[in-house]
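Here is the structure we will look at.
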Amino acid sequence: MKKNILLVDDSALMRRVLCDIINLDSRFQVVETAINGKEALNLLLKNKYDAVVLDVNMPVMNGLELLKELQKLKVSAKIMMASTDTREGAQTTLDALELGALDFVHKPNSALDCKNDTFKARFLDVLDAVASSKAPAFDNSAFELSKIKSSRKLVEIVQKHATSVRGSKVVAIASSTGGPKALQSVIPRLPKNLNAPVVLVQHMPAGFTKSMADRLDTLSEVSVKEAEEGDVLKAGCVYVARGGKHLNVITERGSSFIHYSDEPNREGVKPCANYMYESLAKSSYDQIVCVVMTGMGADGTVGVTNLKKDKKIHVIAQQEDSCAVYGMPKNIVKAGLADQIVDLDDIAQEIIMNVGVK
């Protein structure tokens, strides 16, 4: 059965082109269109859709204003952003993801450029992930710093009971669809005295990862930054892979540092977590704690499999019910690699228990 799509865009030409892309795929059909957020809201108050494709810049009510109204009214909708804003307006994109959008694609400035095969493939892959999501159709709980602060009291208890951890460790996190928001339930809960560095691959294009890292840094006790070439890994710091490059961890003369490589996309993404995990096989760390979170596809599974041949690893997979898209963790579990399957809100404490504090 085809999945029903609501398309919201103020450009008649763009609506026609995107409708053609969606309707030519046997998985989907556009059943309604709207020219602004107000029209879309009226439709969403009356009807249910498998997914909503939402523009940002529109008259009367824009995309962000619609997302805020949906949260206020507790209206369920699974939304992907498709806007020219989602390329340069990284801040706007992150706002949309925090307000409930599950993922985004950059829409070319020209409607005719949307017929590019690369764009069509990416657009349809994201739409399929969003429409197939088994997560709550709309997360009405906005990010609450008070919730994170209260959870730190639990972290303090966990720290006191954390087992004595021997040897040097590193945490390697992989996430994709639903990741930017899910990471706000993990990174801000890590204590500044975490006894390990954290390397993180979130599937995002160039220009977005720095904004995400900066936002996480303002919310966290640990230091969070977009990783730069040559950064030496330090405990209590989180290094976010730059969009459009593959992050590797290189060890020389007793120090581990960041090195970017420019191989083609792997698993259809760049950065790819498989490269990160495989690079850690030659590192000096005694154990790698691998965390695989929400996301479509199977990135991470091959990398963790190969890493396990050379290193002692502990693998934490996000539990299905707390994933926006249960793809990457599912493949880790199916491959028999998961040592733990835990709820999103418990990932931080399990990281602490496995690497300890200083």
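You will find that of Y277, Y285, the residue that is crowded, with 24+ Cβ neighbours inside 10 Å, closer than 24 Å to R166 by Cβ and more than 16 Å from the chain's Cα centre (by Cα) is Y277 and no other.
If the condition is being surrounded by fewer than 19 Cβ atoms within 10 Å (Cβ to Cβ) and of a type in the set (D, E, K, R), then the stretch 50-86 contributes E65, K68, E69, K72, K74. Of the strands (runs of 3 or more DSSP E) lying entirely inside the stretch 205-256, those carrying at least 3 residues that are of a type in the set (A, V, I, L, M) and not assigned by TED's automatic domain parsing to the domain that holds E98 are 246-252.
All conditions but one from (1) of a type in the set (D, E, K, R); (2) surrounded by fewer than 20 Cβ atoms within 10 Å (Cβ to Cβ); (3) within 28 Å of S133 (Cβ to Cβ) apply to K234; the one that does not is (3). With the structure loaded, tell me whether V75 is more than 26 Å from L216 (Cα to Cα), assigned to a strand (DSSP E or B), assigned by TED's automatic domain parsing to the domain that holds R122 and not basic (K, R) or whether it fails that test. Answer is no for this residue.
Quick grid of which residues meet (1) touching a Pro at 6+ places or on another chain (Cβ under 9 Å); (2) within 20 Å of I288 (Cα to Cα):
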| site | (1), (2) |
| --- | --- |
| S223 | no, yes |
| E226 | no, no |
| A235 | yes, yes |
| V240 | no, yes |
| K245 | yes, no |
| E252 | no, yes |
| S255 | no, yes |
| I258 | no, yes |
| E263 | no, no |
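Under 30 Å from S83 (Cβ atoms), among the aromatic types (F, W, Y), modelled with pLDDT of 85 or more and crowded, with 16+ Cβ neighbours inside 10 Å, is that true of F138? When the stated conditions are applied, F138 does not pass them. The criterion of being at pLDDT below 90, β-branched (V, I, T) and either touching a helix residue (DSSP H, G or I) at 6+ places or on another chain (Cβ under 9 Å) or in the same structural domain as Q318 (by TED's automatic domain parsing) (or both) holds for T86.
The values are calculated or read from the model by the stated rules, or taken from the named source; none is laboratory data. Keep in mind that this is a model prediction, so the values were computed, not measured. All Cβ positions, glycine included, derive from the backbone under ideal geometry; neighbour counts span all protein chains shown.
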